[in-house]
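This report refers to the structure that appears directly beneath it.
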Amino acid sequence: MTKTVHHWIGGKTVEGTSGNFGPVTDPATGAVTTQVAFASAEEVERAVAIARAAYLTWGTSSLAQRTTVLFKFRALLDANRDAIAELITAEHGKVHSDALGEVARGLEIVDLACGITTQLKGELSTQVSSRVDVASIRQPLGVVAGITPFNFPAMVPMWMFPIAIACGNTFILKPSEKDPSASMKIAELLAEAGLPDGVFTVLHGDRVAVDALLAHPDIAAVSFVGSTPIARHIHATASAHGKRVQALGGAKNHMLVLPDADLDAAADAAVSAAYGSAGERCMAISAVVAVGAIGDELVERIRERAEKIKIGPGNDPSSEMGPLITAAHRDKVASYVKGAAAQGATVVLDGSDYTVEGFENGHWIGLSLLDHVPTTADAYRDEIFGPVLCVLRAETYEEGLALINASPFGNGTAIFTRDGGAARRFQLEVEAGMVGVNVPIPVPVGYHSFGGWKDSLFGDHHVYGNDGTHFYTRGKVVTTRWPDPADGPSGVDLGFPTSR
């Protein structure tokens, strides 16, 4: 019998009542293993009401109470790494080691949330005027929501809810309907850690649930990670309903390789960053810009490494790359490779017809490498979100930089060089929010913030780090004057207060 994943509301599993369900497949076999309940607008309304009621006490709870729960949650999360990783592999398809790495990066943000007390410290200025003090404090927003993608079903939610909860908000998670089970396991661990009922909610669903959250008057803020068209919609719709929004969109991350670079290190980095997690990550390197005469040699070294990658089921310890999330997505990714030559690219490796023996119905695709890709080709212009690496050529650093800066995306980028001066220029001149110098995937550690520029981010705040704390709180300034007991009545003064 197919398993059903329901919602998590009020500290327990609640069966969906809409009658609508979506299929969840095992990407390695193509078999439907689970169905997930889709929330109706009425179910969203009830869940928000419960979260709003929980905020009335959680929002005024002590920092000590909040961090005590988070420390317990961190310990439980650490103890259950393997269990969460197994759920991710079963529904997403990524190899177990990659799934474990995802949980580890999520733990970084839980660590940050456990130490939120220093992030929430206010400021005090005494005696700004005679016996007048001014204090700045930060307070929670209320009920906030997170809408997260399929590619990191544990990590991306943990970029959001630990900080939101630590700041005193209640949090409603709408995870991807393609791999919903990890979010339910996380909800169970939060309850086991002592989080009060209603502080954390998981609502599964499709656009009906999303639109209900975006329009609900009791949702104060929305966080989103996904494609650029959806990020733009989320930002416009939620903003129109008066909400604070951080919406992270798509990417086309470039790696600039200068002639003086260590080509073995650059090739290793390109293969790891382009094909890790089957390319299904917004920080994947999907375009390498080879500068000068090194292009042919660099492409050959990438090809040699790519051909050795072992593709197979994510639960096979020998597998280095798993399948794609759905058959439809696999077919879309393959179409970019099949159409590349007609649009002017040289197909060095074509993985579009790859299969794994014994798992022929899985969502398999091999590694593809395209060289001499024109900037007009679809494979370069679009975010493919699969194991396809484009190589472009540039004669100079300036030409390569201009090519990168012309992209509508500005998520992450990297430069490989031994020249410190060139690296310094690049980090100042490139138009992207995250820059790596001889680091192919420059995802910031938890106490710095993650986010891109241009069409990769809609809203003013990046996620986690200081930006995360500011996003989930609002500032208040309190001006106080206490009269001295020895003073007599001062009388009425209709003039503007002075600062003397």
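Ellipsoid fit via the Cα gyration tensor, region 410-454: semi-axes of 18, 12, 8 Å, each the root of five times an eigenvalue, largest first.
Only beta bridges with both residues in the chain are counted; by DSSP, about 40 percent of them are antiparallel. In this structure, the amide hydrogen of ALA287, modeled 1.01 Å from its nitrogen in the peptide plane, lies closer than 5 angstrom to those of ASN253, MET255, CYS390, counting only residues at least 5 positions away or on a different chain. Eigenvalues of the alpha-carbon gyration tensor of region 173-299, scaled by 5 and square-rooted, set the equivalent ellipsoid semi-axes at 40, 19, 11 angstrom, largest first. Working from Cα pairs under 8 Å separated by at least six residues, relative contact order for the chain is 18 percent. Here region 47-148 is assigned +1 on the Cβ of each Lys and Arg and -1 on the Cβ of each Asp and Glu. Its dipole about the Cα centre then comes out at about 480 debye.
Counting other Cβ atoms within 10 Å of each Cβ, which chymotrypsin sites (Phe, Trp or Tyr not before Pro) in region 1-85 have at most 10 and sit in a DSSP loop? Display every interim value, and only then the final one.
Working: sites: TRP8, PHE21, PHE38, TYR55, TRP58, PHE71, PHE73; in loops: PHE38.
Hits after loop and neighbour filter: nothing returned.
Here the simple spin-label model places points 7 Å from the Cα toward Cβ, and for GLN65 and LYS12 these points are separated by 2.2 nm. Extension gain, LEU494 to VAL347, is 45.0 nm, computed as 0.36 nm per intervening residue step minus the present C-alpha separation.
Its Cα gyration tensor gives region 376-500 an equivalent ellipsoid; the semi-axes, largest first and in whole Å, are 52, 17, 15. Counting only DSSP beta bridges whose two residues both lie in region 357-500, roughly 30 percent are antiparallel. Summarising the amide proton neighbourhood of ASN20: residues at separation of 5 or more, or on other chains, whose placed amide H is nearer than 5 Å comprise PHE38. Modelled spin labels at ASN361 and HIS241, positioned 7 Å past Cα toward Cβ, are 3.9 nm from each other.
The residues of the chain expose on average 41 square angstrom of accessible surface per residue, using a 1.4 Å probe on protein heavy atoms.
I'd like the FRET efficiency for THR479 and THR117, computed as 1/(1 + (r/R0)^6) with the beta carbon distance as r and R0 of 35 Å, rounded to 0.05.
0.90
Spatially, region 216-246 and region 105-154 are offset by 20 Å when compared through their Cα centroids. Where only DSSP H runs of four or more residues are counted, the chain gives -11000 deg cm²/dmol as its mean residue ellipticity at 222 nm, each run worth -39500 (n - 2.57).
Take the Cα of ASP487, step 7 Å toward its Cβ, do the same at ALA402, and the gap between the two points is 6.6 nm.
The alpha carbon convex hull volume per residue for the chain rounds to 174 Å³. Here the dipole of region 377-453 is about 260 debye; that uses its Cα centre as origin and unit charges on the Cβ of Lys and Arg (positive) and Asp and Glu (negative). If you take the alpha carbon atoms of region 87-138 and fit the smallest convex hull around them, that volume is 84 Å³ per residue.
Residues ARG232, ARG66, ARG381, ARG131 ordered from highest to lowest accessible area at a 1.4 Å probe: ARG381, ARG232, ARG131, ARG66.
Annotation: amide H-H contacts under 5 Å for LEU173 (H modelled 1.01 Å from N, sequence separation of 5 or more, or interchain): GLY146, THR201, VAL202, LEU203. For region 131-139, 3J(HN,Hα) computed residue by residue from phi via the Karplus equation (6.51, -1.76, 1.60; θ = phi - 60°) reads 6, 10, 10, 10, 10, 10, 10, 10, 10 Hz, glycine and proline entered as x.
How large a share of the accessible area of the chain, in percent, is made up of carbon and sulfur atoms when the probe is 1.4 Å and the other protein chains stay in place? Carbon with sulfur: 53 percent of the solvent-accessible area. Charging the Cβ of each Asp and Glu at -1 and of each Lys and Arg at +1, and nothing else, the dipole of the chain about its Cα centre rounds to 1540 debye. Spatially, region 421-500 and region 1-72 are offset by 32 Å when compared through their Cα centroids.
The values are calculated or read from the model by the stated rules, or taken from the named source; none is laboratory data. Note that the structure is predicted; figures quoted are calculated from it, not measured. Positions of Cβ are generated from backbone atoms using ideal geometry, with glycine treated the same way; all protein chains shown enter the neighbour counts. Side chains included, ligands, DNA and RNA excluded: accessible areas come from the protein's heavy atoms. Shrake-Rupley method; radii C 1.70, N 1.55, O 1.52, S 1.80 Å.
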